[in-house]
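A short write-up of the structure that comes next.
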Amino acid sequence: VLLAATLPVRAAVGVEHRAVLHAAALRNLEAFRPHARCPVVLLLGDAAEQPLPAGPLVLWMFNPFGADVVAAALARLSTAHAHWLVYVVPRELPVVVAAGFGPVVEGGPADCRWVVLHRPGVSPPART
């Protein structure tokens, strides 16, 4: 989330489901805030139930959940917009691919592999 906050994006949003991790994220944000180029929102809760911003998104996941939560979270993404996913330690990669994401580039050592994936949006029908 903090790296995303250094990019020219509208906002960077992070979700932690454990209070201890959320508290650590809040401490990290306070130290990092002078470097942020956009608003940073840190939430405590279930990522599969958090509201998602409208429009195209870039998602970053560091092997955060089991297959059921990954599938539920990705199912909530708008199909009208293209989305990108940076997935580090992609243990549930088959679930991500089944959600329509295709790998674009991958790398990293065996113990910290990463994959960047893309899911195109569905264009509305042309007016005639």
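The values are calculated or read from the model by the stated rules, or taken from the named source; none is laboratory data. Worth saying up front: this structure is predicted, and the values here are computed from it rather than measured. For neighbour counting, all protein chains shown are included, and Cβ atoms are generated from backbone atoms with ideal geometry for every residue, glycine included. SASA here: full protein model, heavy atoms, side chains in, ligands and nucleic acids out. Shrake-Rupley method; radii C 1.70, N 1.55, O 1.52, S 1.80 Å.
For L59, only one of the following conditions fails: (1) open to solvent by 60 Å² or more (accessible area, probe 1.4 Å); (2) under 20 Å from G102 (Cβ atoms); (3) out of contact with any helix residue (DSSP H, G or I) (no Cβ under 8 Å at 6 or more places or on another chain). What is its number?
L59 satisfies all of (1) open to solvent by 60 Å² or more (accessible area, probe 1.4 Å); (2) under 20 Å from G102 (Cβ atoms); (3) out of contact with any helix residue (DSSP H, G or I) (no Cβ under 8 Å at 6 or more places or on another chain) except (1).
In region 2-26, how many are of a type in the set (A, V, I, L, M, F, W, C), open to solvent by 60 Å² or more (accessible area, probe 1.4 Å) and outside any helix (DSSP H, G or I)?
Within region 2-26, residues that are of a type in the set (A, V, I, L, M, F, W, C), open to solvent by 60 Å² or more (accessible area, probe 1.4 Å) and outside any helix (DSSP H, G or I) number 4.
Looking only at region 27-56, how many residues end up being over 30 Å from P120 (Cβ atoms) and surrounded by fewer than 14 Cβ atoms within 10 Å (Cβ to Cβ)?
Matching residues across region 27-56 total 6.
I need the full set of residues from region 27-56 which are small (G, A, S) and either assigned to a helix (DSSP H, G or I) or touching a helix residue (DSSP H, G or I) at 6+ places or on another chain (Cβ under 6 Å) (or both), in order please.
Within region 27-56, A31, A36, A47, A48 meet the criteria.
List, please: which pairs have Cβ atoms under 6 Å, are six or more places apart or on different chains, and start with a residue in region 40-61 that is of a type in the set (V, I, T) and end with one that is open to solvent by less than 40 Å² (accessible area, probe 1.4 Å) and modelled with pLDDT of 85 or more?
Every condition considered, the pairs that remain are V40/A5; V40/A12; V40/L29.
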